[in-house]
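Please read the structure below before turning to the comments.
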Amino acid sequence: MSQQVVISGVGVWHPKDSITNEELVSSYNAYCDAFNEENKTQIEAGDVNAMPYSSADFIEKASGIKSRYIYQKEGALDITRMKPKIEPRSDDELSHQAEIAVEAAKLALASANLDGKDIDAVIVSCAYTQRAYPAIAIEVQEALGIEGFGFDMLVACSAATFGMHRAYEMLCAKNATRVLVINPELVSPQINYADRDSHFIFGDVATATVLELAETAKGKHVYDVLSTKALTKYSNNIRSNFGYMTRAEDVDPYGPDKLFHQAGRKVFKEVCPLAAAHIEAHLASHDIKPESVKRWWLHQANINMNTLICKKLLGRDADRIEAPIVLDEFANTASAGSVIAFGLNHEDLVAGDVGVLCSFGAGYSIGSLVIRKR
């Protein structure tokens with residue numbers, strides 16, 4: 001490669017509303033009471049399992065999460081509904097997901113000292129898209145006045161890094177001059193708020209990054225992308241079966257298996273060593289030892305996963321400056337977590353400092369970038 005690709009801007013946007021663990025548990029436990037009372041006879045007969053209670057302490061201990069942002073709080077805590085109430089919009093209105101994507105994009109463009117006319121490619125990469133077509137990216141492109149092209153891509157929790165990978169390759173191939181990668185993670189509609197093991201996991205957010213060539217970068221904080229690395233390995237342990245096929249299958253399109261569900265213990269056991277080995281190999285390709293890395297911007301799914309991965313790499317616990325944790329405030333935001341960690345914890349680095357931006361999740365999929373402050 002004759003020219004250096006850089007990350008020249010980053011933006012993090014979140015909704016105004018949030019839900020604390022205490023609020024979430026109060027709603028969930030009230031739902032349990034109603035369910036158990038309604039099914040009392042069947043439960044006593046052993047035909048139905050009683051719903052177990054939860055607690056704010058359990059959630060924080062299991063995940064490190066204390067709260068999460070939500071796009072529409074109304075309805076989510078209503079035990080007769082247990083899902084956010086989001087008003088539909090007409091085909092002529094900006095979609096909900098495009099709206100939050102535009103908000104994050106504006107922040108990233110400002111960070112890079114650019115505006116829409118400077119961009120010629122848009123990638124919307126996230127866990128879910130609001131519709132099949134037209135692509136959310138093309139809608140965002142129109143809203144921002146961007147000439148060029150755009151497309152959507154879905155790689156679950158690794159979508160953000162995989163999107164940045166595609167931007168890097170497009171710039172290397174000279175198919176674009178500046179690429180805007182956006183991760184509008186509107187995941188609350190896919191949460192099963194009646195499931196003790198998963199109702200607390202996700203929050204809504206949108207992040208965005210600008211990638212371009214170093215020679216054109218005007219941002220205050222610019223990072224060379226030394227290289228990218230990706231891995232996928234098929235697993236059923238994290239899954240969402242929602243899709244257009246349910247219409248033909250004569251099944252409940254919103255049944256529990258159509259919402260997010262996972263085998264959490266298996267995920268923890270299998271992903272942690274996989275991610276650590278992936279990162280170590282990526283660094284080794286540059287002859288960089290883990291102890292030389294200044295900052296670890298890791299996927300924000302579970303604090304215990306991040307702690308273990310860092311310990312495998314460093315042989316010790318990493319502190320919160322080395323490996324920032326944002327999931328206590330944001331919860332798991334699917335692919336956006338590592339970008340939030342980067343966006344909120346990068347301005348203090350100095351020229352020559354090396355960092356690793358890495359996401360991992362359903363697939364399994366792992367995506368990483370080794371970057372260096374200019």
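The values are calculated or read from the model by the stated rules, or taken from the named source; none is laboratory data. If you're wondering where the values come from, they're calculated on a predicted model, not measured in any experiment. With ideal geometry, Cβ positions are generated from the backbone for all residues, glycine too; neighbour counts draw on all protein chains shown. Ligands, DNA and RNA are stripped out before the accessible areas are found, and what is left, the full protein with its side chains, is counted by its heavy atoms. Shrake-Rupley method; radii C 1.70, N 1.55, O 1.52, S 1.80 Å.
List pairs: first residue in region 159-172 and in contact (Cβ under 8 Å) with a residue 60 or more places away in the chain and part of a helix (DSSP H, G or I), second residue of a type outside the set (A, V, I, L, M, F, W, C) and open to solvent by 10 Å² or more (accessible area, probe 1.4 Å) anywhere in the structure, Cβ distance under 6 angstrom, at least six positions apart or on different chains. That search, which allows pairs on different chains as well, returns His165/Thr228; Tyr168/Thr228. Looking at region 89-98, is at least one residue within 17 Å of Gln190 (Cα to Cα) and either modelled with pLDDT under 95 or in a helix (DSSP H, G or I) (or both)? So far as region 89-98 goes, yes, one or more of its residues are within 17 Å of Gln190 (Cα to Cα) and either modelled with pLDDT under 95 or in a helix (DSSP H, G or I) (or both). The sole residue among Ile7, Ile19, Ile59 that is open to solvent by less than 30 Å² (accessible area, probe 1.4 Å), assigned to a strand (DSSP E or B), closer than 30 Å to Ile303 by Cβ and touching a Phe, Trp or Tyr at 6+ places or on another chain (Cβ under 6 Å) is Ile7. For Tyr254, are the conditions met, namely being among the aromatic types (Phe, Trp, Tyr), at pLDDT 95 or above, open to solvent by 40 Å² or more (accessible area, probe 1.4 Å) and touching a Phe, Trp or Tyr at 6+ places or on another chain (Cβ under 8 Å)? Against the criterion (among the aromatic types (Phe, Trp, Tyr), at pLDDT 95 or above, open to solvent by 40 Å² or more (accessible area, probe 1.4 Å) and touching a Phe, Trp or Tyr at 6+ places or on another chain (Cβ under 8 Å)), Tyr254 does not qualify.
For region 87-114, the set of residues classified as among the hydrophobic types (A, V, I, L, M, F, W, C) and more than 15 Å from Pro15 (Cα to Cα) consists of Leu94, Ala108, Leu109, Ala110, Ala112, Leu114, listed by residue number. I'd like the residue in region 106-115 that is in contact with a Gly (Cβ under 7 Å, 6 or more places away or on another chain), in a helix (DSSP H, G or I) and among the small types (Gly, Ala, Ser) and, out of all such residues, is least open to solvent (accessible area, probe 1.4 Å). Here the residue is Ala108. Among the residues of region 60-86, the ones that are within 21 Å of Trp13 (Cα to Cα) and of a type in the set (Asp, Glu) come to 1 in all.
Beta carbons closer than 7 Å, at least 6 apart along the sequence or on distinct chains, pair a first residue in region 215-237 that is closer than 25 Å to Leu344 by Cα with a second that is aromatic (Phe, Trp, Tyr) for Val225/Tyr168; Thr228/Tyr168; Ala230/Phe162.
Number of residues in region 116-129 that are out of contact with any Gly (no Cβ under 8 Å at 6 or more places or on another chain) and either within 21 Å of Ala214 (Cβ to Cβ) or part of a helix (DSSP H, G or I) (or both) equals 1. How many of the residues making up region 306-347 are in contact (Cβ under 8 Å) with a residue 24 or more places away in the chain, charged (D, E, K, R) and farther than 20 Å from Pro273 by Cα? Residues that pass the stated criteria total 3. Those strands (runs of 3 or more DSSP E) of region 279-374 in which 2 or more residues are at negative phi, open to solvent by 10 Å² or more (accessible area, probe 1.4 Å) and in contact with an Asp or Glu (Cβ under 9 Å, 6 or more places away or on another chain) occupy 365-373. When we screen Ala132, Ala176 for residues that are among the aliphatic types (A, V, I, L, M), assigned to a loop (DSSP other than H, G, I, E, B) and more than 21 Å from Glu212 (Cα to Cα), the only hit is Ala132. Of all residues assigned to region 72-80, at least one qualifies as being touching a residue at least 60 places away in the same chain (Cβ under 8 Å) and open to solvent by less than 30 Å² (accessible area, probe 1.4 Å).
The listed residues are Tyr31, Tyr53, Tyr128, and the only one of them that is over 28 Å from Thr177 (Cα atoms) and crowded, with 18+ Cβ neighbours inside 10 Å turns out to be Tyr31. Write out, first by first residue and then by second, each pair whose Cβ atoms fall under 9 Å of each other, whose residues are 6+ apart or on separate chains, and whose first residue, in region 32-49, is farther than 20 Å from His199 by Cα while the second is open to solvent by 40 Å² or more (accessible area, probe 1.4 Å) and of a type in the set (Ser, Thr, Tyr). Pairs that qualify, where the first residue is farther than 20 Å from His199 by Cα and the partner is open to solvent by 40 Å² or more (accessible area, probe 1.4 Å) and of a type in the set (Ser, Thr, Tyr), are Asp47/Thr41; Val48/Thr41. Among the residues of region 230-251, those that are over 30 Å from Val356 (Cβ atoms), surrounded by 13 or more Cβ atoms within 10 Å (Cβ to Cβ) and not β-branched (Val, Ile, Thr) comprise Asn241, Phe242.
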